[in-house]
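*Asks:* Structure incoming, see below.
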Amino acid sequence: MSKVIDGLMYQESHEWLKKVSDDEVLIGITEFAAKELGSVVFVDLPEVGDELTAGSDFGAVESVKAASDLTSPVSGEVIEINEDLVGEPELVNEDAFNAWFIKVKISNPEELDVLLSAEQYKKLI
Amino acid sequence: MEKIKQTCLHEQHLLLNAKMEEFAGYDMPIVYDNIKSEHIAVRTNVGIFDVSHMGEFFVRGTDAERFVDHIFTNCVIGKEGGSVTYGMLCYENGTIVDDLLVYKYNSEEFLLVVNASNIAKDYEWVVNQTGDFDVTVKNVSDEYSEVAIQGPKAEAVIINLLGIDLRYLQFFHFGTFQFHNCQVLISRTGYTGEDGFEIYSDTSAIRDIWKIFMDAKITPCGLGSRDTLRFEAALPLYGHEISDEITPLEAGLKFFTKIDEENDFLGKTALLKQKEAGLTRRVVGIEISKMAIPRAGYKVFVGEEEVGYITTGYLSITLNKPIALAMINRPYTKKGTEVQIQIRNKFVTGFVRNKKFLNKNYKTEEL
């Protein structure tokens, strides 16, 4: 059974989102998603400064076998990417909830309201 | 919808906690532990694959040799009994029905080993070509199970674990051996670019062999590593490098046809015509300069012009760099040509190269 952390927000496509300040969030993929993918060999991340729209793809996480698109739960600007994942993509398998992909300055906080709670996400997996 | 089939080793895969997926109508193991370690086991040591989903047809009769030579791109006339030949079946228009191995027992008996995904289509097609030939075609796919034992230590572990001496079995040859009161067919063939063997028998012998290998801690390998291994060796996969829209010449498999020889075969006229007119596209290798992984289906551009598509691509486990096979329009098939691969919303630069990503490690010396 995969771990799901209380207090984070989730979406059906298995991304988690963590609020780190009023308008900044970290986005990663869940442990369930990491297990399903198998060994992650590459994480294709956007550039700092890229503008994201909720529901659109911002990159991909790739196992040996396939690439899975990453879908942004929110709109806003990418203000940081996790450089550690560039050299060590396996961190996603080791600790999915610490291996955040991008930090986003959100432009529409209302988008957070439609995301799933830990309880709701647990029912999906 | 038809029920998903299981191989005779299905229960063993579940016990090993394999990740299972439907492939060609079978519930097959994709990966047991991880694809990389399974891949490396085969490159450096040995691994065992359940490939019981493969299809087997017997062609028997006084015209068997003439018939197989008629439907098969490669030559079987004059080959000795106990030889295995790789080649394809082609439609009249030169595109590929399937690729297969042909096992020649003698001029009146052949075993055709075809792709699981094409069994029904191939059987119908082969039977439809029999016409006036004195042959019978029998689909024995459900009676035959198969394991592949691949890697530089394959010969040694089979000798040790099964007590079958294969030292004198030459590359692309087969023999029948006694094992636990069963007949097993073993060929020195495979789909990994390494030395190795494919063993065909009934379910009880294959189950026994699997158990002996598991007890000896030989690495079980799934279809995931089967694909990464065959890809690095630039071996084609039906539906990717070859298909019913691609000819052997376009796939770079002319060597496995007899178009320059006298023997006729189905599709030959079309292939000769294509050769004369000149190919318009061909499967090539592509190497990428930065870290990005080209996947099957991604589009390839030169400037604004779409010039082809990726047929298979991976971050190569052996070479640790992204490489791909791609179907590219002429004249962009020339080595060193700079191309742009569309990977999601980005364009990544790559270069056309030969398909020889790594040296094959076959045991081809005369024994």
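*Asks:* How would B:191, B:314 line up by accessible area, probe 1.4 Å, largest first?
*Replies:* Descending accessible area places them as B:191, B:314.
*Asks:* Quick one: 3J(HN,Hα) in Hz for the stretch A:51-68, Karplus 6.51/-1.76/1.60 with θ = phi - 60°, rounded, Gly and Pro as x.
*Replies:* For the stretch A:51-68, the Karplus curve yields 8, 10, 10, 4, x, 9, 7, 10, x, 8, 10, 10, 9, 3, 7, 7, 9, 10 Hz.
*Asks:* Mind checking the full-extension length gain between residue B:167 and residue B:364? Use 0.36 nm per residue of separation minus the Cα-Cα distance, one decimal, nm.
*Replies:* Result: 69.7 nm gained on full extension.
*Asks:* Another one. What percent does the relative contact order of the stretch B:162-260 come to when contacts are Cα pairs within less than 8 Å and at least six residues apart?
*Replies:* After rounding, I find 17 percent.
*Asks:* Still on this structure: Report Rg/Rh for chain A, rounded to two decimals, where Rg is the Cα radius of gyration and Rh the Kirkwood radius.
*Replies:* Working: Rg = 13.3 Å, Rh = 14.3 Å.
Using only Cα positions, Rg/Rh for chain A is 0.93.
*Asks:* If you stretched the chain out fully between residue B:91 and residue B:178, how much longer would it get, using 0.36 nm times the residue separation minus the C-alpha to C-alpha distance?
*Replies:* Numbers: separation 87, 0.36 × 87 = 31.32 nm, distance 3.87 nm.
Gain in length upon complete extension: 27.5 nm.
*Asks:* Related question: Take chain B, connect every pair of alpha-carbon atoms lying under 10 Å apart with a spring to form a Gaussian network, then pick out the residue of B:44, B:333, B:312 with the largest mean-square fluctuation.
*Replies:* B:44
*Asks:* To continue, here is another question. In whole Hz, what ³J(HN,Hα) sequence does the stretch B:189-198 give by Karplus (6.51, -1.76, 1.60; θ = phi - 60°), x for Gly and Pro?
*Replies:* These are the phi-based 3J(HN,Hα) values: 9, x, 9, 10, x, 10, 4, x, 9, 10 Hz.
*Asks:* From Cα pairs below 8 angstrom and at least 6 apart in sequence, can you work out the relative contact order of the stretch A:10-109, rounded to a whole percent?
*Replies:* 33
*Asks:* Just from its helices, what would the mean residue ellipticity at 222 nm be for chain A, if runs of 4 or more DSSP H residues each count -39500 (n - 2.57) and the sum is divided by every residue, rounded to the nearest 500 deg cm²/dmol?
*Replies:* The per-residue figure over chain A is -3500 deg cm²/dmol.
*Asks:* Rounded to a whole number, what % of the accessible area of the protein assembly as shown do carbon and sulfur atoms account for, probe 1.4 Å? Write down the numbers at each step before the final one.
*Replies:* Details: 10410 of 21770 Å².
Carbon with sulfur: 48 percent of the solvent-accessible area.
*Asks:* From the protein chains alone at 1.4 Å, what is the descending order of accessible area for B:225, A:117, largest first?
*Replies:* A:117, B:225
*Asks:* Moving on. Ranked from the most accessible area to the least, with a 1.4 Å probe and all protein chains present, what is the order of B:121, A:35?
*Replies:* Largest accessible area first, the list is A:35, B:121.
*Asks:* Let me ask you something else. Give me the accessible area of residue B:15, 1.4 Å probe, in Å² rounded to the nearest 10.
*Replies:* Rounded to the nearest 10, that gives 130 Å².
*Asks:* While we're looking at this one, here's another question. Taking H as built 1.01 Å from N, whose amide H comes closer than 5 Å to the amide H of residue B:296, not counting residues under 5 places away?
*Replies:* Correct list: B:313.
*Asks:* For residue B:363, go through the lysines and keep the ones whose alpha-carbon is under 22 Å away, minus same-chain ones fewer than eight residues off.
*Replies:* B:79, B:104, B:153, B:355
*Asks:* Right, something else. Under the Karplus relation 6.51 cos²θ - 1.76 cosθ + 1.60, θ = phi - 60°, what is the ordered set of whole-Hz ³J(HN,Hα) values for the stretch B:298-313, x standing for Gly and Pro?
*Replies:* Calculated HN-Hα couplings, in order: 5, 7, 10, 10, 10, x, 8, 7, 6, 10, x, 8, 6, 9, 8, x Hz.
*Asks:* Most fluctuating residue of B:213, B:255, B:351 in a GNM of chain B with Cα springs under 10 Å: which is it?
*Replies:* Looking only at B:213, B:255, B:351, the largest GNM fluctuation is found for B:255.
*Asks:* Taking the Cα centre of chain B as origin, sum charge times position over the Cβ atoms of Lys and Arg (+1) and Asp and Glu (-1), and report the length of that vector in debye to the nearest 20.
*Replies:* Using Cβ point charges on Lys, Arg, Asp and Glu, chain B gives about 1740 debye.
*Asks:* For a test of understanding, tell me how many lysine pairs in the stretch A:10-109 have Cα atoms under 26 Å apart, given they are 8 or more places apart or on different chains.
*Replies:* Lysine pairs meeting both conditions in the stretch A:10-109 amount to 8.
*Asks:* Mind putting a number on the dipole of the stretch B:280-353 about its Cα centre? Charges go on the C-beta only, +1 for Lys and Arg and -1 for Asp and Glu, and I need it in Debye to the nearest 20. Spell out each step's value before the answer.
*Replies:* Values: 12 positive and 5 negative charges, 35 e Å.
Taking the Cα centre of the stretch B:280-353 as origin, the dipole is about 160 debye.
*Asks:* Now, a different point. Keeping all protein chains in position, work out how much accessible area residue A:47 exposes to a 1.4 Å probe, and write it in Å² to the nearest 10.
*Replies:* So the heavy atoms of residue A:47 present about 120 Å² to solvent.
*Asks:* Answer rounded, prolate or oblate for the stretch B:263-367, using the Cα gyration tensor with square roots of eigenvalues a ≥ b ≥ c: rounded when a/c is under 1.5, else prolate when a/b is larger than b/c, else oblate.
*Replies:* Oblate, because a/c is 1.5 or more while a/b does not exceed b/c.
*Asks:* Projected onto the charge dipole of the protein assembly as shown (+1 at Lys/Arg Cβ, -1 at Asp/Glu Cβ, origin at the Cα centre), which of B:179, A:58, A:101 gives the Cα projection farthest towards the positive end?
*Replies:* B:179
*Asks:* For chain B, with a Gaussian network of springs between Cα atoms less than 10 Å apart, report the residue from B:265, B:197, B:347 with the top mean-square fluctuation.
*Replies:* B:347
*Asks:* Let me ask something else about it. Which helices count as membrane-span-like in chain B under these terms: full DSSP H, at least 15 Å along the axis by C-alpha, Kyte-Doolittle mean of -1.0 or more?
*Replies:* Details: long enough: B:203-215 (18 Å, 0.17).
Helices meeting the span and hydropathy rule in chain B are B:203-215.
*Asks:* Something else about it: Starting from the coordinates of the alpha-carbon atoms of chain B, obtain the Kirkwood hydrodynamic radius over all distinct pairs and give the value in Å to one decimal.
*Replies:* The answer is 21.4 Å.
*Asks:* Thinking of the protein assembly as shown as a set of Cα atoms, what percent of all their pairs are more than 40 Å apart?
*Replies:* Tail fraction, whole percent: 29.
*Asks:* OK, next. Roughly how many Å² is the accessible area per residue of the protein assembly as shown, as a whole number, for a 1.4 Å probe?
*Replies:* 44
*Asks:* Pairs of alpha-carbon atoms within less than 8 angstrom and 6+ residues apart define the contacts here; what relative contact order does chain B have, in percent?
*Replies:* Contact order relative to length: 18 percent.
*Asks:* Straight-line reach only, C-alpha to C-alpha below 12 angstrom: list the aspartates and glutamates that residue B:346 could link to, leaving out same-chain residues fewer than 8 apart.
*Replies:* Filter leaves A:44, A:47.
*Asks:* What's the extension gain from residue B:273 to residue B:37 if we count 0.36 nm per residue and subtract their Cα-Cα distance? Each step should come with its number before you reach the end.
*Replies:* On the way: separation 236, 0.36 × 236 = 84.96 nm, distance 4.56 nm.
My answer for the length gained is 80.4 nm.
*Asks:* With labels modelled as points extended 7 Å from the Cα through the Cβ direction, what inter-label distance (nm, one decimal) is found for residue B:2 paired with residue B:160?
*Replies:* 4.0
*Asks:* If a paramagnetic tag sat 7 Å from the Cα of residue B:66 along the Cα-Cβ line, which residues of the stretch B:92-126 would have the backbone N under 18 Å from that point?
*Replies:* Within reach of a label on residue B:66: B:106-110.
*Asks:* For residue B:281, enumerate residues with amide H under 5 Å from its amide H, sequence gap 5+ or separate chain, H modeled in the peptide plane.
*Replies:* So residue B:281 has HN proximity to B:330.
*Asks:* Would you calculate a helix-derived [θ] at 222 nm for chain B, using -39,500 (n - 2.57) for each DSSP H run of n ≥ 4 and dividing by the full residue count, to the nearest 500?
*Replies:* Computed ellipticity for chain B at 222 nm equals -6000 deg cm²/dmol.
*Asks:* I'd like the accessible area for residue B:271, computed on protein heavy atoms only with a 1.4 Å probe and all protein chains in place. Round to 10 Å², please.
*Replies:* Its heavy atoms expose roughly 0 Å² to the probe.
The values are calculated or read from the model by the stated rules, or taken from the named source; none is laboratory data. Computed from a predicted structure; not experimentally measured. Because the Cβ atoms are built from the backbone with ideal geometry, glycine has one as well, and the counts that use them run over all protein chains shown. Heads up: the accessible areas ignore ligands, DNA and RNA and are worked out on the full protein's heavy atoms, side chains in. Shrake-Rupley method; radii C 1.70, N 1.55, O 1.52, S 1.80 Å.
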